[in-house]
Amino acid sequence: MEGAGERRRAGIRRGLPFGIAVFAIAVSFGVLARPVMGPVAPIVMSIFVFSGAAQFGALAVLTAGGSAGAAIAAGVLLNARYLAMGLALAPSLRGRALSRAAFAMPTVDASWAAASRGDGTFDPSYMVGVSIPQYAGWVLGTIAGVLIGPRLGDPNALGLDALFPAFFIALLFDEARGRRRLVAAGGGAGIALVLTPVVPAGLPILAAAAAAVAASRRRW
Amino acid sequence: MTAVWVVIGALALSTAALKLAGPLSLGGRPLPEWALTIVELLASALLAALVVVETFGKGRSLVLDARVLGVAFAVVAVTRRAPMIVVVLGAAAVTAVARLLS
């Protein structure tokens with residue numbers, strides 16, 4: 001049986017390629033967030049929120065002129081999956097509440113998936129290890145993006161506005177497996193397409209949650 | 001600007017709450033089956049909606065512009081199991097080139 005430190009180091013090695021990709025995505029977050037949020041807020045957000053989907057989702061709502069409430073709701077709904085991930089992780093965590101919390105906080109999608117042993121249990125030390133390079137990449141990338149952003153000129157000329165949807169495509173491809181999830185995804189896309197011209201920014205994304213409710217009520 | 005800090009505070013707290021609810025309520029009641037099913041499906045529905053809004057949305061209208069080509073590249077790259085860095089930077093590059101040529 002390997003020690004916890006050993007498993008954490010193995011996790012860090014596994015997490016390095018994720019960390020590099022996350023760094024690049026965070027650079028684009030910093031570049032795109034600075035004109036909307038100013039130079040400091042995007043960095044603070046990456047340090048304390050550490051969630052690509054929620055941060056890009058909230059930024060998308062704010063950029064489109066949506067309200068703070070709509071941005072928060074979009075971020076919370078995009079992160080609702082952490083509730084399910086935490087419930088799955090819980091039986092694998094030992095010790096006092098504080099120690100369980102310390103292992104649960106670094107949960108992010110790639111780490112959670114990498115630490116799954118495939119039998120419903122998880123390796124918490126390994127998961128923390130996989131998260132470490134991603135956290136470093138996310139925060140450092142955001143700082144780099146905020147710093148270089150103003151020198152890049154028009155971010156759209158560099159195609160940075162295509163980074164948002166490409167990032168979500170990559171997450172969606174990992175997420176939408178199985179018939180029910182595909183139905184939820186198709187329904188969410190359809191709702192967003194229909195509602196975008198008629199309701200204020202942010203609402204089409206929230207309304208897409210109805211597709212998850214609808215898909216959950218059918219047996220497939 | 002205050003709105004931005006409200007968003008950051010609310011998302012930091014809610015993300016922590018969502019991550020910790022399961023591990024700290026250990027021994028407490030688990031979510032009912034129907035709620036778990038919805039939670040499991042939420043990410044798919046919302047990510048798909050975000051892809052649509054970010055690909056075709058411009059304020060409150062739908063437009064077809066160079067982003068579509070970048071996203072098409074992302075779809076092909078993702079189905080060919082390209083690393084995320086290739087998916088994301090390739091989509092930006094394709095969109096940038098399309099804008100340069102148009």
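Values quoted throughout were computed directly from the atomic coordinates according to the rules given, and no laboratory measurement underlies them. The model shown is predicted, which means the values in this text are computed figures rather than measured ones. Cβ coordinates were reconstructed from backbone atoms using ideal geometry, including for glycine residues, and neighbour counts include every protein chain displayed.
Between helix B:2-24 and chain B, what is the angle of the helix's C-alpha long axis to the longest principal axis, kept within 0 to 90° and rounded to the nearest 10?
It works out to around 50 degrees.
Can you give the mean number of other chain Cβ atoms that lie within 10 Å of the Cβ atoms in peptide A:66-77?
So the per-residue partner count for this stretch is 5.
If you line up the long axis of helix B:67-79 against the longest principal axis of chain B, both from Cα atoms, how many degrees apart are they, to the nearest 10?
The angle comes out near 60 degrees.
Give me, ordered by chain and number, the residues 5 or more places off B:Leu62 or on other chains with an amide H under 5 Å from its own placed amide H.
Close amide H contacts, sequence-distant or interchain: none at all.
Compare the peptides A:123-130, B:61-68, A:148-155 by average per-residue count of other Cβ atoms within 10 angstrom and give them in order, highest first. Intermediate results must be reported in sequence, preceding the final value.
Details: A:123-130: 24.2, B:61-68: 15.9, A:148-155: 12.4.
Result, highest mean Cβ count within 10 Å first: A:123-130, B:61-68, A:148-155.
Count the net charge of all other residues whose Cβ sits under 11 Å from the Cβ of B:Glu54, scoring Lys and Arg as +1 and Asp and Glu as -1.
That sum, taken over residues with Cβ under 11 Å, equals +1.
Shape of the stretch A:53-116 from its Cα gyration tensor (a ≥ b ≥ c, root eigenvalues): rounded if a/c is under 1.5, otherwise prolate when a/b > b/c, or oblate?
Cα axes put the stretch A:53-116 in the prolate bin.
Say each of A:Glu2 and A:Ile20 gets a label point 7 Å from the Cα, pointing the same way as Cα to Cβ; how far apart are those two points in nm?
The answer from the label model is 2.1 nm.
Rounded to the nearest 10 degrees, what's the angle between the helix B:84-101 long axis and the longest principal axis of chain B, both from Cα atoms, 0 to 90?
Taking the Cα atoms of chain B, the angle to B:84-101 is about 30 degrees.
For an R0 of 22 angstrom, estimate the FRET efficiency from the Cβ-Cβ distance between B:Val97 and A:Val36 and round to the nearest 0.05.
Working: r = 26 Å, r/R0 = 1.18.
Once rounded, the FRET efficiency stands at 0.25.
How many partner chain Cβ atoms sit within 10 Å of a residue's Cβ in peptide A:154-161, on average, as a whole number?
Values: counts 1, 1, 6, 4, 5, 16, 5, 12.
Shielding by partners across A:154-161 averages 6.
If you add up the charges near A:Arg81, with Lys and Arg at +1 and Asp and Glu at -1, over every other residue whose beta carbon is less than 14 angstrom from its beta carbon, what do you get?
Taking every Cβ under 14 Å from that of A:Arg81, the sum is -1.
For peptide A:53-59, what's the mean number of Cβ atoms from other chains within 10 Å of each residue's Cβ? The partial results should precede the final answer.
Values: counts 4, 6, 4, 2, 7, 5, 2.
Mean partner shielding for this stretch: 4.
With a point put 7 Å past each Cα toward its Cβ, work out how far A:Ile47 is from B:Val63 in nm, to one decimal.
Reported label-point gap for A:Ile47 and B:Val63 is 3.6 nm.
Before rounding to the nearest 500, sum -39500 (n - 2.57) across all DSSP H runs of length at least 4 in chain B and divide by the residue total; then give [θ] at 222 nm in deg cm²/dmol.
Calculated from helices alone, the mean residue ellipticity at 222 nm is -26000 deg cm²/dmol.
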